[in-house]
Amino acid sequence: MPPKVIGPKRAISIEIILFLAYAFFSASWMVGSIVTTDMAQEFGVNTIPSSVNNAISAAKILGNFVAAWILVKLGPKWTVSLSCLLTCAVIVGAFSTSFPMFILTRFLLGFGGAVLMICMTPYVVYCFESKQQPIFIGLNNAGPNTGNLIALLSVTAVRGWLGSWRSVILFYGIFSVVLLVLWLVVGRGYPIAQTQTAEKTPTTIYHYRDGMKEPFLFQFLFTMTGRLVMYTVMLYLFPLNPDFTVDSQFISLMIALTGIPGTILGIILAKKLKRQLSLFRFSGVAQSVLFFAMLLTSSGTVATVCAILLGFVIFISTPSLFTLPARLPGATPQKVAVILTLYWTMAYILQMVIYALVVHLANTVSWEVAMFFTGFYSLTFLVGTFLLPDFDRPSSPSAQDAADLPTDTK
């Protein structure tokens, strides 16, 4: 196999920049949601506009769908450069003179974030040995939660300091500009279709149609869509809930905050557990029980404890779940990119539709009905854990194929 074009030290630098770039994309998304009320009042919008978040979701659908194609056409370094540039569109949004212009900048933000997300796991697959991959895939999947946490912990102080919602959005957007510059200096590309096997010839291009033939893609989609919707609602819509048992923004903060230690434990478990499906099912049961208990209780203390534990149990399984595409037989950076492209495209189509329905229920029926609908939809995660392939079962053909792959990608 040709020698690596990215050395170990540069690989770590690349990982740090990618992680922070996605974290501050998420922070900009979260901040835009938090200042929705101020923005809506200035532009004369009288209800909670789901379009603020759905513009990002729509962009993520398009961005995810074309991300693997862009990756092949531009190469890894310039694809990341483009994605980071687009996330800087929030700076333009801070100077918007109309609501449609603001929504356009949110669309560009979401498109850049979608492309960036698809690039992250292929970099891990290329740069790191298979034994190290759960660590960095787990860290990457903590990026959104880290960004949300940064926003939730700092936005009140930043609003108090800067005043207007425009200045707040501009403040967080500046970090994306800094990371774009760092990427242009530090970032490197790699051979897009290089295989992890010992063969000297590269693999053929893995097309979208090949990904659509993977049963795993649809099993993974069904499993993850309910959790994605629940997490999106709890982080971006729930903080606007005016009548919850305790301060709704505090509940969202607790979910984001405990996701960090949950992710750390999840990274450890991804490397230690012999049967990861057991972890997925435990997480699914605990997630549903805690979510409904939080909604049903009249005790602020119980609701807070449920929120703390909810963030924890969601993220203990996330690192293991997102290593699964890299464990498919014959996984290459490009194959992983295509699988994730198709997954996130379809996932965000579902998320956008269901999120709009949840917002509609909150605006026209009640917050309680909207939240219970979210809880019942999230049960797809628990059901889906019984559909996912068991890569850890010795008799599983997929597991055997995966076991035949070399563990050293150098």
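Is there a residue in the stretch 361-380 that is aliphatic (A, V, I, L, M) and more than 30 Å from GLY63 (Cα to Cα)?
First pass over the stretch 361-380, keeping only residues aliphatic (A, V, I, L, M): 361-362, 365, 369-371, 379.
Next, only the ones that are more than 30 Å from GLY63 (Cα to Cα) stay: 365, 369.
Checking the stretch 361-380: at least one residue is aliphatic (A, V, I, L, M) and more than 30 Å from GLY63 (Cα to Cα).
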### Task
Working only within the stretch 279-328, note down all residues that are hydroxyl-bearing (Ser, Thr, Tyr) and within 13 Å of LEU382 (Cβ to Cβ).
SER283, SER288, SER317
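Just a yes or no: is a residue in the stretch 220-235 farther than 30 Å from ALA362 by Cβ, surrounded by fewer than 20 Cβ atoms within 10 Å (Cβ to Cβ) and modelled with pLDDT of 90 or more?
Residues of the stretch 220-235 farther than 30 Å from ALA362 by Cβ: none.
Checking the stretch 220-235: not a single residue is farther than 30 Å from ALA362 by Cβ, surrounded by fewer than 20 Cβ atoms within 10 Å (Cβ to Cβ) and modelled with pLDDT of 90 or more.
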### Boolean, SER98 is at pLDDT below 80 and surrounded by fewer than 24 Cβ atoms within 10 Å (Cβ to Cβ)
no
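Kindly indicate whether ILE260 is closer than 26 Å to LYS213 by Cα and either assigned to a loop (DSSP other than H, G, I, E, B) or touching a helix residue (DSSP H, G or I) at 6+ places or on another chain (Cβ under 7 Å) (or both). First the steps, then the outcome.
On the way: closer than 26 Å to LYS213 by Cα: no; either assigned to a loop (DSSP other than H, G, I, E, B) or touching a helix residue (DSSP H, G or I) at 6+ places or on another chain (Cβ under 7 Å) (or both): yes.
No.
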### Checking ALA337 against (1) at pLDDT below 85; (2) surrounded by fewer than 23 Cβ atoms within 10 Å (Cβ to Cβ); (3) in contact with a helix residue (DSSP H, G or I) (Cβ under 8 Å, 6 or more places away or on another chain); (4) within 26 Å of GLY75 (Cα to Cα), the condition it does not meet
(2)
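Just give me the residues in the stretch 232-259 being of a type outside the set (S, T, N, Q) and either closer than 14 Å to LEU309 by Cβ or touching a Cys at 6+ places or on another chain (Cβ under 9 Å) (or both), in sequence order. Before the answer, list the steps.
Let us first name the residues in the stretch 232-259 that are of a type outside the set (S, T, N, Q), namely 233-240, 242-244, 246-247, 250-251, 253-257, 259.
Within the stretch 232-259, MET234, ILE251, MET254, ILE255, ALA256, LEU257, GLY259 meet the criteria.
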### Message
From the list LEU139, LEU109, LEU153, LEU104, exactly one residue is in a helix (DSSP H, G or I) and more than 16 Å from ALA23 (Cβ to Cβ). Which is it?
### Response
LEU104
### Task
Exactly one condition in (1) touching a helix residue (DSSP H, G or I) at 6+ places or on another chain (Cβ under 9 Å); (2) of a type outside the set (S, T, N, Q); (3) in contact (Cβ under 8 Å) with a residue 24 or more places away in the chain is not met by GLY300; state its number.
(1)
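Return the residues of the stretch 340-367 that are over 23 Å from the mean Cα position of the chain (by Cα) and modelled with pLDDT of 90 or more; say none if nothing qualifies. Full working, then the answer.
If we filter the stretch 340-367 for residues that are over 23 Å from the mean Cα position of the chain (by Cα), which is where we start, we get 360-367.
LEU361 - this is the single residue of the stretch 340-367 that is over 23 Å from the mean Cα position of the chain (by Cα) and modelled with pLDDT of 90 or more.
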### Message
Condition (residue is assigned to a helix (DSSP H, G or I), out of contact with any Cys (no Cβ under 7 Å at 6 or more places or on another chain), at pLDDT 85 or above and not acidic (Asp, Glu)) applied to the stretch 189-205: is it met by at least one residue?
### Response
no
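I need the full set of residues from the stretch 370-410 which are over 23 Å from SER288 (Cβ atoms) and either in a helix (DSSP H, G or I) or modelled with pLDDT of 90 or more (or both), in order please. Before the answer, list the steps.
Residues of the stretch 370-410 that are over 23 Å from SER288 (Cβ atoms), as a first pass: 391-410.
Once the filter is applied, which keeps residues that are over 23 Å from SER288 (Cβ atoms) and either in a helix (DSSP H, G or I) or modelled with pLDDT of 90 or more (or both), the stretch 370-410 yields PRO397, SER398, ALA399, GLN400, ASP401, ALA402, ALA403, ASP404.
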### Task
Being assigned to a helix (DSSP H, G or I), of a type outside the set (Val, Ile, Thr) and farther than 19 Å from VAL229 by Cα narrows it down to one of SER278, SER298, so name that one.
SER278
### Summary
Counting only residues that are over 19 Å from the mean Cα position of the chain (by Cα) and either aliphatic (A, V, I, L, M) or closer than 27 Å to SER33 by Cα (or both), the stretch 56-80 contains a total of 3
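How many residues, within the stretch 133-164, are over 30 Å from LEU328 (Cβ atoms) and surrounded by fewer than 22 Cβ atoms within 10 Å (Cβ to Cβ)? Give the steps one after another, and end with the answer.
At the first step, the residues of the stretch 133-164 found to be over 30 Å from LEU328 (Cβ atoms) are 149-164.
If we keep only those that are surrounded by fewer than 22 Cβ atoms within 10 Å (Cβ to Cβ) too, we end up with 150, 153-164.
Qualifying residue count for the region: 13.
The values are calculated or read from the model by the stated rules, or taken from the named source; none is laboratory data. Since the model is a prediction, treat every value here as computed from it, not as a measurement. Glycine also receives a Cβ, built like all others from the backbone with ideal geometry; neighbour counts cover every protein chain displayed.
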